[in-house]
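The values are calculated or read from the model by the stated rules, or taken from the named source; none is laboratory data. Every value quoted in this text rests on a predicted model; they were computed, and no experiment measured them. Cβ atoms come from the backbone with ideal geometry, glycine included; neighbour counts cover every protein chain shown. Please note that ligands, DNA and RNA were not included when accessible areas were found on the heavy atoms of the full protein model with its side chains. Shrake-Rupley method; radii C 1.70, N 1.55, O 1.52, S 1.80 Å.
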Amino acid sequence: MNSKQKEILMRKRYSAEKRFKFFGIFSISLAILFLCILLFNIFTSGLSAFFKTKLILKINFDEKKLGINMNTPDEAIKASNFNEILQDALLNLDLLAPDLKKIELIDIVSIDATYELKRFYLQNKDQLNKIVEISLTLSDDLDQLYKGNFPRDIPEDRRRFSDFQLKVFDEQNSQNKIITEFNFSFFKNADSREPELAGIGASLIGSLLTILVCLILSFPIGFLAAIYLEEFAPKNKITEIIEINVNNLAAVPSIVFGLLGLGVFLNYFYLPRSTPLVGGLVLALMTLPRIIIPCRAALKAVSPSIREGALALGASKVQAVMHNVVPLALPGTLSGTIIGLSQALGETAPLILIGMVAFINVVPTYPIDPSAVLPVQVYLWSESAERGFVEKTSATIIILIFFLVLMNSSAIYLRNKFEKKWS
Amino acid sequence: MINEKIKISTKNLNVFYASKQALFDININLKENKVTALIGPSGCGKSTFIRCLNRMNDVIDICKVEGSIKIDGDEINKKNLDVNLIREKVGMVFQKPNPFPKSIYDNVAYGPRIHGLAENRESLDNIVENSLKKAALWDEVKDRLNQPGTGLSGGQQQRLCIARTISINPEVILMDEPCSALDPIATAKIEELIDELKETYTIVIVTHSMSQAARVSNDTGFFHLGKILEFNSTEKIFKNPDNKLTQDYITGRFG
Ligand SMILES: Nc1ncnc2c1ncn2[C@@H]1O[C@H](COP(=O)(O)OP(=O)(O)O)[C@@H](O)[C@H]1O
Ligand SMILES: [Mg+2]
């Protein structure tokens, strides 16, 4: 081969390398672009849900109208009606309103406003018979209008608030009576038919309880199963079949585990429907093979010389594995488990099958309380027509992504931390 | 010569990996408090042989060991023997340093702990210190006993593994190419160490280096294709071997 030919060959090689690099960068950029579009979309439509719009009203805590006095016990206060003083305050916004429009005036705040008043009074009993300025949650429709999620310049019959309500709202706004504050109730409240009241409290707790049940079951079982299969089980037909099945189970569509849970846990064992207990059981079945596989890989990656070193010192097999192999496999084991759990956290279909799709308006406390979970909440709200649920859907996705990122980065952190320690 | 007591003797030792025979009728006697070097080309069965002496071949499912291996006259190649007791008596140092994922201290203390050799913390401290001193590592690590053993250099790691081995007071130390992963300076240190250790222990060392075998050992065995072709004093083997193949191997004509 002369130098000319060699040069041509080299040039070909360089351009092939360049082409390959270009395609690689191109595909990565494309992936990043799509991810950015997705995140941008979710964040722009979801961020506003973390704030809520309130109307500052002058409320007269008139003891005659409330039918209470300084000495009324809390129980009686809770039973009394704060609607009248609220309505008085709202009607005061436009004293000239014709009778027909009065109902529209009352509707500009959320139906929760009267309970907000009650909660305020229970904390501030010294305000009896005083006139106090209190901020109350606006109705969902005006909330959406204020946040710019809903256009104002469309015909009256095509929006959910009237021209009259719009006029009152604008008046209040020009007097700085409309304020925005952080939406704590979004994190505290359970689901509700009223978008301005609906929150992820129930599904957040539900998700945590479900994942907790899943973790408690799947991690010890999966970890020990992996140790046994990898370190102790004899290599024969039976263990081979088990190994193949574990791999197959990891690939089974999750909805199948939902059917299994429905058939076994609900219909046979009569465990309580819609609960984190059953959800966790189902997800544990699904997660088990997804934990066993990375745990086995982590154990396999430990150099056999460590095992032999311990055995040669007269350690038993269990000692050799538990004292020396497992610590080295731990980072891989933990990160595998966390990634398995984060998959479980985003799982929807199997939980719908075991009834976690029910409308839950109380925040659960125990794993046997009916509850919702975050991904199913996303599914439920995405089906709702009200504009207010759209931002809630995206906001819930943001929370879900937050937890997923948190879990996955802790997996990476753990892996790096322990790997550095021993190498 | 006096003190020529036989520590280990094998008789008609045959080893199979599944159906493949790796060792053929090995009959040798290893002397107490002497260093025996085993040499021979790769794959001739040196590792297989020394792994018989502490029953490490039990770990390999397909490996079958037949014949007699006696230590101090007691048969160790029989079924219902607790292998952990043999391994307490016959320690092993591997080709690649393999410190445990623990601190330097815990690496050395591991054996005494699992065998319950120390009554209290003080006596454990003593064992660790003495073992590290015998392994000529104490001065280098005494200020960082709590740091991971994996943080040491290769040669230090190998001496840590030697300290770990002698921490449980074995009678025999098997070394399978202990210097093949080390640089010449670290190798020299280990060789020096072997010279000291033979006062107390019976040592069997597999090595690829002829000069190392010549320097450290009293007796040398030459393995070839699973057979022991020649076993004699090191002096004899290197000066005037009986076997032509031995001659060729030590002069580097094949291997
Ligand atoms: N775990 C094993 N499984 C199957 N064959 C093995 C195994 N270990 C060693 N052998 C075979 O036994 C023979 C001797 O190997 P070995 O004792 O490692 O040789 P050496 O240590 O002298 O290089 C080789 O042919 C090798 O292929
Ligand atoms: Mg070898």
Discussion item. As an exercise: evaluate A:Pro289 against (1) within 13 Å of another protein chain (Cβ to nearest Cβ); (2) in a helix (DSSP H, G or I) and give the number of the one condition it does not meet.
Written reply: (1)
Fill in: Filtered residue count, the range B:165-215, keeping only those that are under 13 Å from the mean Cα position of the chain (by Cα), under 17 Å from A:Gly309 (Cα atoms) and not hydrophobic (A, V, I, L, M, F, W, C)
5
Discussion item. Here's a check for you: in the range A:292-328, which residue that is more than 14 Å from chain B (Cβ to nearest Cβ) and buried (at least 20 other Cβ atoms within 10 Å of the Cβ) is farthest from the chain's Cα centre (by Cα)?
Written reply: A:Arg296
Fill in: Selection count where residues are within 16 Å of ligand 2 (Cβ to nearest atom) and open to solvent by 30 Å² or more (accessible area, probe 1.4 Å), scope the range B:241-255
1
Practice prompt. With the condition kept exactly as written, say whether any residue in the range A:371-382 is farther than 22 Å from A:Leu35 by Cβ and modelled with pLDDT under 90.
Written response: no
Worksheet item: Within the range A:90-97, is even one residue surrounded by 16 or more Cβ atoms within 10 Å (Cβ to Cβ), of a type in the set (D, E, K, R) and either farther than 21 Å from A:Glu194 by Cα or modelled with pLDDT under 90 (or both)?
Response: yes
Item to complete: Go through the range A:286-322 and give me each residue that's in contact with a Pro (Cβ under 9 Å, 6 or more places away or on another chain) and over 30 Å from B:Gln158 (Cβ atoms).
Response: A:Met286
Worksheet entry | Identity of the residue in the range B:134-150, within 14 Å of chain A (Cβ to nearest Cβ) and out of contact with any Lys or Arg (no Cβ under 8 Å at 6 or more places or on another chain), that ends up nearest to B:Tyr105 (Cα to Cα) | B:Asn146
Discussion item. Residue pairs, Cβ under 6 Å, 6 or more apart or interchain, first in the range A:396-414 and within 19 Å of A:Leu380 (Cβ to Cβ), second in a helix (DSSP H, G or I) and basic (Lys, Arg). List them.
Written reply: none
Discussion item. Please count how many residues of the range B:37-52 are away from ligand 2 (no atom under 11 Å from the Cβ) and within 27 Å of B:Gln247 (Cβ to Cβ).
Written reply: 2
Worksheet entry | Members of the range B:92-106 that are crowded, with 18+ Cβ neighbours inside 10 Å and facing another protein chain (nearest Cβ under 7 Å) | B:Met92, B:Phe94, B:Asn98, B:Phe100, B:Pro101
Worksheet item: Can you pull out the residues in the range B:58-74 that are touching a residue at least 60 places away in the same chain (Cβ under 8 Å) and either buried (at least 16 other Cβ atoms within 10 Å of the Cβ) or farther than 15 Å from B:Ile28 by Cα (or both)?
Response: B:Ile69, B:Lys70, B:Ile71
Practice prompt. Could you tell me whether any residue of the range A:29-46 is outside the structural domain of A:Gln172 (by TED's automatic domain parsing), hydroxyl-bearing (Ser, Thr, Tyr) and open to solvent by 90 Å² or more (accessible area, probe 1.4 Å)?
Written response: no
Response to the item:
Out of (1) within 16 Å of ligand 2 (Cβ to nearest atom); (2) within 14 Å of another protein chain (Cβ to nearest Cβ); (3) buried (at least 20 other Cβ atoms within 10 Å of the Cβ), the one B:Arg55 does not meet is (1)
Worksheet item: Which one is nearest to ligand 1 (Cβ to nearest atom) among residues in the range B:14-30 that are out of contact with any strand residue (DSSP E or B) (no Cβ under 6 Å at 6 or more places or on another chain) and in contact (Cβ under 8 Å) with a residue 24 or more places away in the chain?
Response: B:Ala18
Worksheet, complete the sentence: Of the listed residues (A:Ser305, A:Ser274, A:Ser254), the one being assigned by TED's automatic domain parsing to the domain that holds A:Gly332 and at positive phi is A:Ser274
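Are there any strands (runs of 3 or more DSSP E) wholly within the range B:164-240 with 2 or more residues that are open to solvent by 40 Å² or more (accessible area, probe 1.4 Å) and either within 16 Å of ligand 1 (Cβ to nearest atom) or under 29 Å from B:Asp25 (Cα atoms) (or both), and if so which?
On the way: elements: B:172-176, B:202-206, B:219-224, B:227-233.
Counting at least 2 such residues, we get B:227-233.
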